[in-house]
Every structure is written in structure tokens, then in C-alpha cells.
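If you scroll down you'll find the structure; I have some questions about it.
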Amino acid sequence: MGAVTPPKQDRSRATRQRLLASAVACLAERGWAGSTVSVVAEHAGVSRGAAQHHFPTREDLFTGAVEYVAEERSAALRALPVQDRTAVVAALVDLYTGPLFRAALQLWVAASNEAQLRPRVTELEARVGRESHRIAVELLGADENRPGVRETVQGLLDMARGLGLANVLTDDTARRERVVAQWAALVDEALG
């Protein structure tokens, strides 16, 4: 019996996911200037026409890519088993030190100079920020009705973003591990 060909819809979904993953990889590796629809299509192993079928504009492709990977990371965070706060702090920091953060950073820089991209990236980042905060509260078992807890959680996310920035130019793993351990102790103390 011959090989079974997946239905057209499944192939289309797989092509879309390859394009999204390739867009994030290209953005993280090459930056905004070096990441075009053609470059992403080649990286994904599809034609430029197929890429433009799924994403009519460059802005559609890259905002879609960052959103897709952010949703995947959020799902992975939500799936984490209940663990101690140190592990949760480390997992949250990991969100900001990988390729997704590098890609998002490139998109932020591009949006700061490109008026048509700015509102889309601003809205996307606000949504990702709210979701990250909500997941952090849940994973840390934080009671935001207590004074200072909301700010503590947001401070943790802001610190994680700063560690991600420090990691962009050089491998900051050793220092980051010490900072994460200290922040975990501070968060544990603040949240009780």
C-alpha cells in the first residue's frame, strides 16, 4: 500500500507552523534587517508564494511568529508541575533568555522605527505581558490581594527581562544563576 498523504488542511497547518518557527529562528539569528519573507521561506523549505499565502505581509509573518512561540511557551509554563518557587523563578527567567526573547527584542527594535509595525507589537507585547504575569501569579501561588505581591511578581518579570537583555551580547549563565537564586529567596520571603 502507498504512503498516505495528509489532507490539504493538515499540510497547510504544518507549512504555517514551519514558517512561524523559521521566522522566529531567522529573527533571533539575523535580526529584523536580515529577516525577509524570502529568507524565512527558504529556511522553512517552502516557496515565497506559500509564505505569502499564509502571511500576506512581513509584519503579519513576524508578529504572528512571536505570538505563536509566546503561546507555545505559555502553554509549556502552564504545564509545569507544582514545584518550589526557586524552580518557578528559574523557569520564568528562562522565558527571557532564549530565542523567543531574542526574536521579540528584534521586533521591538524594528517597531520603535517602523510606524506600521509599532501598534501591532505594542498590543502583542501587552497581551504577552498580561499572560506571563497571570501565569507567574498562578505558578508562584501568589495572593495578589496582599499589599506588594503584585509588584513583587511584576518586579520578578522585569528582572527576568533585564537578565535576558544582559544575555544578548554575552553568555551570562554563571551570574544569572546566582541572581536567580537570590531573587527566588526574595520572592519566597515576600510571598510568604
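Extent of the range 11-68 along each principal axis, from alpha carbon coordinates, in Å, largest to smallest?
Taking the Cα atoms of the range 11-68, the three principal extents are 28, 21, 17 Å.
Also: Throw me the Rg/Rh for the chain, computed over C-alpha atoms with Kirkwood Rh, two decimals.
A ratio of 1.04.
May I ask you to evaluate 6.51 cos²θ - 1.76 cosθ + 1.60, the Karplus curve with θ = phi - 60°, for each residue of the range 122-132 and list the ³J(HN,Hα) values in order in whole Hz, giving x for glycine and proline?
Computed from phi, the couplings for the range 122-132 are 4, 5, 4, 5, 5, 5, 5, x, 4, 5, 4 Hz.
Further question on the same structure: Could you calculate, for the range 1-99, the ratio of the Cα radius of gyration to the Kirkwood radius, expressed as Rg to Rh?
1.09
Enter the angle in degrees (range 0 to 90, nearest 10) between the Cα long axis of helix 99-113 and the first principal axis of the Cα atoms of the chain, meaning the one along which they spread out most.
The two axes meet at around 80 degrees.
Please give the length that would be gained between His53 and Arg146 if that part of the chain were fully extended, namely 0.36 nm times their separation in residues minus their C-alpha to C-alpha distance (nm, one decimal).
28.5 nm
Let me ask something else about it. What is the pair-distance distribution P(r) of the range 149-192, computed from all Cα-Cα distances in 10 Å bins starting at 0, with each bin given as a whole percent?
Percent of Cα pairs in each bin: 28, 50, 20, 2.
Over the Cα atoms of the range 104-170, each weighted equally, I'd like the Debye log10 I(q)/I(0) at q = 0.18, 0.21 Å⁻¹, rounded to two decimals.
-0.79, -0.94
Readers should treat all values here as calculations from the given coordinates under stated rules, not as data from a laboratory. Model, not experiment: these values are computed from the prediction.
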